[in-house]
1. Where residues in segment 1-44 are touching a residue at least 40 places away in the same chain (Cβ under 8 Å) and outside any helix (DSSP H, G or I), which of them is surrounded by the fewest Cβ atoms within 10 Å (Cβ to Cβ)?
2. Considering only segment 48-59, state which residues are part of a helix (DSSP H, G or I) and surrounded by fewer than 18 Cβ atoms within 10 Å (Cβ to Cβ).
3. State yes or no: is ARG75 modelled with pLDDT under 95, over 11 Å from the mean Cα position of the chain (by Cα) and of a type in the set (Lys, Arg)?
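The values are calculated or read from the model by the stated rules, or taken from the named source; none is laboratory data. All of these numbers come straight from a predicted model, not from anything done at the bench. Positions of Cβ are backbone-derived with ideal geometry, glycine not excepted, and every protein chain shown enters the neighbour counts.
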Amino acid sequence: MDVDKIIKSLANELDIEPIIIDTYLKLLLHGAMDINQLSIDKNIIDILVRDGACIEINGKYQALNPKFAITNMYRMKMMRDNRVVHKNNNIDRLATVIEGLMERRTK
């Protein structure tokens, strides 16, 4: 699955803007960055922090492992929608695909 398809699928599944997923992947694949290096609106990174997909340490943002980050984002979406959190095979599959992408890039 190519990166654009991953971004589109995950954005659709989580009902969020694709730039949020794109930013998460940028952090995941390129490592810790500050807001200037990311060249994005601070609101986008705030969403990732709020939803448990990344953390901020000393002004630098770091993506969490895809299995944790994507599951956290899904849980937060369900909670915002006042829905019961249940296993979502599409979310699990996408997290696994992203994890594989990350592993291939780090080898």
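1. Ranking the qualifying residues of segment 1-44, first place goes to ASP15.
2. Once the filter is applied, which keeps residues that are part of a helix (DSSP H, G or I) and surrounded by fewer than 18 Cβ atoms within 10 Å (Cβ to Cβ), segment 48-59 yields VAL49, ARG50.
3. In short, no.
Yes/no matrix, rows are residues, columns are (1) hydroxyl-bearing (Ser, Thr, Tyr); (2) assigned to a loop (DSSP other than H, G, I, E, B); (3) out of contact with any Cys (no Cβ under 7 Å at 6 or more places or on another chain); (4) surrounded by 17 or more Cβ atoms within 10 Å (Cβ to Cβ):
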{"position": "ASP46", "(1), (2), (3), (4)": "no, no, yes, no"}
{"position": "TYR61", "(1), (2), (3), (4)": "yes, no, no, yes"}
{"position": "LYS67", "(1), (2), (3), (4)": "no, no, yes, no"}
{"position": "ILE70", "(1), (2), (3), (4)": "no, no, yes, yes"}
{"position": "MET73", "(1), (2), (3), (4)": "no, no, yes, yes"}
{"position": "MET78", "(1), (2), (3), (4)": "no, no, yes, no"}
{"position": "ASN82", "(1), (2), (3), (4)": "no, yes, yes, no"}
{"position": "HIS86", "(1), (2), (3), (4)": "no, yes, yes, no"}
{"position": "ASP92", "(1), (2), (3), (4)": "no, no, yes, no"}
